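Written below as structure tokens is the structure these notes are about.
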Amino acid sequence: MSVTIPRLAAALLLAATPLAAQSNVERVLNGSFTPSHDYDLLHQRIELGAFDWDSTAFDGRVTTTLVSLRPGLDSVVLDMGRTLEVRKVMPACPRRGPRCAALAFARPGDSLVVRLPRPAAFGDTVRFTIDYHGRIRQGYGLYFFKADGRPHRPEQVYSGGGTDGNPRWLPTWGGPADKITWEVIATVPARFTVVSNGRLVSVRPAPGGMRTTHWRQEKPASTYLISLAVAPFVKIADRWRGVPVDYYVYPEDSARARALFGATPDMMETYGRLTGVPYPWAKYAQVTVADFIGGMENVSATTLVDWLPDARALRERPWYLRSLIPHELAHQWFGDLVTAENWANYWLNEGMAEFMPGQYWGAREGRHAEQGYYLTRYRQLLEHDARRRVPLATYNSNVVYAKGALVLEMLRTELGPERFWAAIHHYLTRHAYGTATSDDLRQAVLAATGQSLDWFWSQWIYSAGHPAFAVSSAYDAAGRALTLTVRQTQVDTAAADSTGLRFRTPLVFRAPVALRVGTASGDVVRRVTLDRREQTIRIGDLPGPPTMVAFDDDNAVLKTLAFEQPTAWLATLLERHPHLWQRAWAIEQLATRTGDSLAAAALARAARGADYSLTRAEAAGALGRFPPAAAMPALEAAARDTSAQVREAAMSALGDVGGERASAIARGAWLADSSDLVRAGALLALARLGGDGTRDAVLSGLATPSYRDVIQSAAITAAVQRPDSGLVAALAPQAGSQPLVTVALAALTARGNADARRALVGSLADPRSWVREWALEAAEDRLEPDAAVAVLREAAGRTTRADARAAVDAAIGRLERRRS
Ligand SMILES: [Zn+2]
């Protein structure tokens, strides 16, 4: 008998086996990360019911059809979380004839081994039905929420497993490399709506006030994309070229939903036009749920967080609209239609999904919107990279989002849009409803454009890091020539990890860059390929002395740049250069020259007059470190800018600059600005500066509702900075609105504030369960164990509720274990 190693165990083995002899590149290319199994899963019929919110449990019946891929297959191994209790496994029984017997099964670890009645031959079809009872630990595969009176928190259950969670609630093959079709048939109380993948087959009444909803995913997809969402949703129906586009939200979110999600059909149209592949699924649903991590691209039924921007927030480029919706939609092509064969190639899913929104906003709003989107990813990448430097193609990489997007943007710049999208079209059509590896993308580029680009794949996909350029310049007035000395200073010092694997950073990157030298009589542009540790480039025949040098003029290469330039050059670069990366780099250099009036003047000019809001905002933010006389006039103007982003940056800078005038402007913005973000920024500035009316502003901010509680959070921060008994008393009544309130009370308690301690004890004994949970978490996290135990004991004496006492006792037990 042979039993395949299930995927979860395989992943553990992989982590424990020393593979020092194999480089990361070889492991990715030779499929080390793709687990094996002995069958081709074809179809699963998933029937669910008897959901019990008290015990977070349900009953399941899954009928699985598969084809044996080995001669003499006597057992089928599926991934199945150990907490799921298998009641019976039945073979497909003939309608007439002898009764058939249940199949034997075993449950090693997180898998189910089904013994077949007789070995299946290679190519035989096998079918069996698993009856099981699922007990779920909250958040492991499924999330259950009871109606507990908390506002905007209806009763619900949904699957939220990400890439590895579905076997925690249903028996299946969890790996991405076996695509199947499926049906989800869920019976729930009639007050709920059930959303799942594919086409809606039927909704029928069932006995006992129940309703059965049947969804069918008719095109093959990976099983990590199976989804279930059950809640009292309303459906807002939209359409893209005849395809249903539905937004499932809580009833109170209906108006927000139409305004927020209304851009979806236009995004679908744009993605279809760019890729040449129309939206590939039967419908597109977006479903909002409670306490979710962000979004999950379940095929044709994306799951999203339930905090929809209100009308004010919608005007301010919220992350939800700018990034989240277009990211998850892009996955319907990249991830769902063509799926990474294994998680070492996960960047193909996440990099493309993170790349596409920049293309959408570029198509919709122009190059600055596009450049601004990637500039945000660039900053994220530098943060990730400082923590852990890994290649795109690797298992468990944390740079797949930002670096993936930036590398694809580089590829688009290298190839130009026509050839880039032809390659992407080839990739999507060649692997549609199938899987791909990083090398398949290389082959698609080769097939569509004839370009092998071996250096590109090697350094950007399989190697770690990016070039760190250090540039110096010398101008020869007699010869009218500028000489640039360019060094690549990145180092390759990463240590090997526990498996002996070491990620290599190339000491030399190949970098095709344009160098733009500005002069009073026009620009000279020289294209060069940097491919040595150090090289010298002489740009002769200049019409006059340089007034500006733009290194990598169109930001074609992901890099960091150290290049000491005269302030006048930087000022010209900031004023003249159309590319936001160049402007942002110039602002960063100028921001450090706080004693230089030319630098202040350049930033002030940009803060007032740059033609894109992000540049004005960054310049305004940088002015905070300059002397008030140089900064204030531009900050006054920035505080009246049409863009909330610029006004918000101005508030932060005013808090840095300080003074009577700065306080007055911030107070004005707090009272009258139309943007909640700006008002929150104004409140923080006021709290830093003190002065008349600050305390009243904080008190009022504590009780002011806003999207994502930005204003209240600013007020809480301010109250913690300058607590008095009145402010602490005003914090306590807000304990039910968001977790930060009890975090603040716990932080103040830790500093010996008796008022805060009383309020924290009150929150721990609050009749509302979610307030008690937040307070408990805050007390455990923010207080020393001894202090936490004392506070909890006091709270336990104040409550008569059994569940509250049990939770407090459990927390005391945890803390005492931590103490000993
Ligand atoms: Zn994603």
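Seen from HIS214, the other residues with C-beta closer than 11 Å to its C-beta sum to a net charge of +3, counting Lys and Arg as +1 and Asp and Glu as -1.
Calculation over all alpha carbon pairs of the stretch 118-179 in 5 angstrom steps from 0 returns a P(r) of 4, 13, 17, 17, 16, 12, 8, 6, 3, 2, 2, 0 percent. Below 15 angstrom from the Cβ of PRO417, what's the summed charge of the other residues (Lys, Arg +1; Asp, Glu -1)? Charge balance near PRO417 sits at -1. Each listed q (0.21 Å⁻¹) maps to a log10 I(q)/I(0) for the stretch 378-500 from the Debye sum over equal C-alpha point scatterers, namely -1.23.
For the chain, the share of accessible area belonging to carbon and sulfur comes to 51 percent (1.4 Å probe, ligands and nucleic acids excluded).
Please state the shape class of the stretch 588-716: rounded when a/c is under 1.5, otherwise prolate if a/b exceeds b/c and oblate if not, all from the C-alpha gyration tensor. Prolate. With the simple spin-label model, which puts each label point 7 Å out from Cα in the Cβ direction, the GLN443 to TRP53 separation comes to 5.1 nm. Largest first and in whole Å, the equivalent-ellipsoid semi-axes of the stretch 232-389 read 24, 19, 17, each the square root of five times a Cα gyration tensor eigenvalue. One compactness figure for the stretch 72-187 is 1.28, namely its Cα radius of gyration divided by 2.2 N^0.38 Å. The alpha-carbon atoms of the stretch 48-119 define a convex hull whose volume equals 118 cubic angstrom per residue.
In the neighborhood of GLU794, defined by Cβ-to-Cβ distances under 11 Å, what is the net charge if each Lys or Arg adds +1 and each Asp or Glu adds -1?
Numbers: positive: ARG757, ARG758, ARG793, ARG798; negative: none.
Summing Lys/Arg as +1 and Asp/Glu as -1 gives +4.
Put simply, the Cα atoms of the stretch 110-267 extend 58, 40, 31 Å along their principal axes, the longest span coming first. Summarise the long-distance tail of P(r) for the stretch 711-820 by giving the % of C-alpha pairs beyond 26 Å. Percentage above 26 Å: 12. Computed from the alpha carbon atoms alone, the convex hull of the stretch 464-529 holds 86 Å³ per residue. With contacts taken as Cα pairs under 8 Å at a separation of at least 6 residues, the chain carries a relative contact order of 7 percent.
Three principal axis extents of the chain based on alpha-carbon atoms, in descending order, are 102, 71, 58 Å.
Indicate the gyration tensor shape class of the stretch 436-552 (rounded, prolate or oblate), computed on the Cα atoms with a ≥ b ≥ c the square roots of the eigenvalues: a/c under 1.5 is rounded; otherwise a/b larger than b/c is prolate and the rest oblate. Provide the component values of the computation, followed by the final result.
Working: a/c = 3.95, a/b = 1.80, b/c = 2.20.
Oblate.
With viscosity set to 1.567 mPa s at 4 °C, what whole-number translational diffusion coefficient in µm²/s follows for the stretch 522-563 from Stokes-Einstein and a Kirkwood radius over Cα pairs? Reported coefficient: 105 µm²/s. Entry comment: accessible area of the chain is 40 Å² per residue, from protein heavy atoms only and a probe of 1.4 Å.
Can you bin the stretch 328-438 into rounded, prolate or oblate? Criterion: square roots of the alpha carbon gyration tensor eigenvalues sorted a ≥ b ≥ c, rounded for a/c under 1.5, prolate for a/b above b/c, oblate for the rest. Please list the in-between numbers first.
Working: a/c = 1.80, a/b = 1.04, b/c = 1.73.
Since a/c reaches 1.5 but b/c is at least a/b, the shape of the stretch 328-438 is classed as oblate.
The values are calculated or read from the model by the stated rules, or taken from the named source; none is laboratory data. Note that this is a predicted model, so its numbers are computed, not measured. Please note: Cβ atoms are built from the backbone with ideal geometry, for glycine as well, and neighbour counts cover all protein chains shown. Side chains are part of the model used for accessible areas, which takes the heavy atoms of the whole protein and leaves out ligands, DNA and RNA. Shrake-Rupley method; radii C 1.70, N 1.55, O 1.52, S 1.80 Å.
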